[in-house]
Amino acid sequence: MPQHNLFAALRAAFPKDLDAVAVETDNGLHYSWRDLDRASAMMANLLQSLEIPQGSRVAVQVEKSVEAMVLYLATLRAGMVFLPLNTAYQSGEIEYFVGNAEPAVVVCSSKNFGWVSKIAFKAGTAHVFTLDDDRTGSLLQRAAHHSDQHTTVTQQADDLAAILYTSGTTGRSKGAMLTHGNMRSNAVMLKDYWGWQKGDVLIHALPIFHVHGLFVAIHGALINGSKMIWLSKFDPKLVIAKMRQATVFMGVPTLYVRMLAEPALTREAAQHMRLFIAGSAPLLIETFSEWIERTGHTILERYGMSETVMLTSNPYAADARYGQQAERRGGTVGFPLPGVSLRVLDDAGQALPVGEIGGIQVQGPNVFKGYWRMPEKTKEEFTADGFFKTGDVGKVDARGYVTIVGRSKDLIISGGYNVYPAEIEGYINDMPGVAESAVVGVPHPDFGEVGVAVVIAKAGVTLNADTLIANLKAQLANFKIPKRCFIVNELPRNTMSKVQKNLLREQYKSLFMA
Ligand code: MCA
Ligand code: AMP
């Protein structure tokens, strides 16, 4: 039976010299390729010793560490489904994900073990391990007793490899099911498309609980047998210092904005680098242009989703195979990647002429299988002829470049994280004395876009904005908390009495901008 397990493809790309350094951490640790292979084999053997069925979910909410990445690789090779969770999620959020995904295994940090284990056991999870970023925790203790030899479980292309929670168009998170085939096809194609070459070194400064850091960055390096310089957390000065020993960097726009604020970012500092990639949120043309001036490098912007991994990309270089120009155009997300079909339709579902703005729909081997246990919702998101509705609004120009101009889904992308207004509004509306609320995204110099809450009190009630915010902070991940909260007497409504969020965005658009 053919082997489509993504781990098999990654392992095949390991260099011959397994004692070469695969990962070098910012606190001076060196992991060889052999270490990655042995450690993931031991963890895979531990997972399989639990006698849980293949396809079992392994939910992970731990601080970024090489061991956390090894756990991801172990989950793949054991034929189980990796479910990464943002470390900022609090108990209410975790309760939802664990209830929805029903993981057989949960791995959390030791500081959260008390409340996470309670939620997990209540949801029927039989195994809860701890893993900390100082190489301690019960997961490693238990794995140490297992063999470092493991045969990667055979998987079909259509078998699940990961579930990523995202909400796309509505408030409650849905589990995007990504298969081995989705991720392997994307990783193999991007290796070629982004010109990965022998000797490349990636600076990894992103969190590993989202697609960008966990799949695009890690798969990019591993499938090229490339060393990673591994930063536990983004630090602009440290990334700039590491550029001298690296060739590739991937980041959300906020990371580029913060590095531009550092005088240490010079042409000389960046001269060893080959490629800077940006995505997950719009890269402002100002950032794009300033980066060229300061470093001489033209950022390559690309567009992806949790549901589709990478969809489009600006070109790495002129390449007849893809019939593309070599120009990386600021403000665009480049061309549909090889294998990806992309179209722009009007609200009636009719194809639009070149240059016209409409809804972006996509099809390809990278497009996910659907939302976990939500067949109805999945059906709504696909057209009859099998295109996925991204919820993004954009256009394709005469040269084939795709530009994203907005979103039809009610979504704020803040520093690369998705914030769903519907979710925040739900929490605010449940608070005593609140009649109604609206959360809208407004421009922000650092995060690109942040949430602002506008709240109406019930008749006769006086609300305090700081109290509302404190109440939210006790329940929601910190990055979701609106950066400002206004108590008002009325919200602008259209003739169908729907809140006109566009007018609120207009009203508050200069709140954070000089
Ligand atoms: C931190 N804070 C934020 C954010 N991050 N507020 C809004 N948006 C954010 N993204 C707030 C915290 O709540 C806290 O506020 C204060 O900033 C400091 O927190 P800290 O964690 O220290 O912040 P940071 O280290 O400065 O983090 C900023 C960051 C981080 C480095 C930009 O947000 C980040 O790593 N973003 C990358 C997200 C990512 O990987 N996106 C890829 C998604 P307080 O003290 O008040 O609590 S995948 C995707 O979108 C698709 C598939 C694709 O195309 O890639
Ligand atoms: P996520 O829900 O985390 O998968 O984020 C996917 C969303 O991020 C897409 O639907 C887009 O709205 C947005 N996105 C990703 N890359 C870009 C980009 N380069 N420019 C603008 N928006 C982007």
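Odds and ends about this structure:
- Restricting the search to strands (runs of 3 or more DSSP E) fully inside the range 295-345 and requiring at least 1 residues that are more than 12 Å from ligand 2 (Cβ to nearest atom) gives 341-345.
- Meets criteria (hydrophobic (A, V, I, L, M, F, W, C), more than 16 Å from ligand 1 (Cβ to nearest atom) and surrounded by 24 or more Cβ atoms within 10 Å (Cβ to Cβ)) for Ala143: yes
- Answer residue from the range 256-279, given it is closer than 14 Å to Ile299 by Cα, within 14 Å of ligand 1 (Cβ to nearest atom) and in contact (Cβ under 8 Å) with a residue 60 or more places away in the chain and is farthest from the chain's Cα centre (by Cα) among those: Val257
- Selection within the range 271-292: residues that are under 26 Å from Gln197 (Cα atoms) and out of contact with any strand residue (DSSP E or B) (no Cβ under 8 Å at 6 or more places or on another chain). The member of this set that is nearest to ligand 2 (Cβ to nearest atom) is Ile292.
- Any hit, the range 390-398, residues being more than 16 Å from ligand 1 (Cβ to nearest atom), surrounded by 20 or more Cβ atoms within 10 Å (Cβ to Cβ), farther than 27 Å from Phe97 by Cα and at pLDDT 95 or above: yes
- Selection within the range 280-332 - modelled with pLDDT of 95 or more, away from ligand 1 (no atom under 13 Å from the Cβ) and among the polar types (S, T, N, Q): Thr287, Ser289, Thr295, Thr298, Asn314, Thr332
Every residue, every condition in (1) over 28 Å from Thr25 (Cβ atoms); (2) in a helix (DSSP H, G or I), yes or no:
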position: Ile94; (1), (2): no, yes
position: Val98; (1), (2): yes, yes
position: Phe113; (1), (2): no, yes
position: Thr152; (1), (2): no, no
position: Gly175; (1), (2): yes, no
position: Leu190; (1), (2): no, yes
position: Trp196; (1), (2): no, no
position: Leu202; (1), (2): no, no
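- The strands (runs of 3 or more DSSP E) found wholly in the range 403-456 and carrying at least 1 residues that are aliphatic (A, V, I, L, M) and more than 16 Å from ligand 2 (Cβ to nearest atom) occupy 434-444.
- Comparison of Ala326, Ala351, Ala317 shows that the only residue that is touching a residue at least 12 places away in the same chain (Cβ under 8 Å) and either surrounded by fewer than 18 Cβ atoms within 10 Å (Cβ to Cβ) or not hydrophobic (A, V, I, L, M, F, W, C) (or both) is Ala317.
- Taking the range 360-395 as the range and being more than 22 Å from Leu164 (Cβ to Cβ) and either basic (Lys, Arg) or in contact with a Leu (Cβ under 7 Å, 6 or more places away or on another chain) (or both) as the test, only Lys395 passes.
The values are calculated or read from the model by the stated rules, or taken from the named source; none is laboratory data. Just so you know, these numbers come straight off a predicted model, no measurement behind them. Cβ: placed from backbone, ideal geometry, glycine included. Neighbour counts: every protein chain shown.
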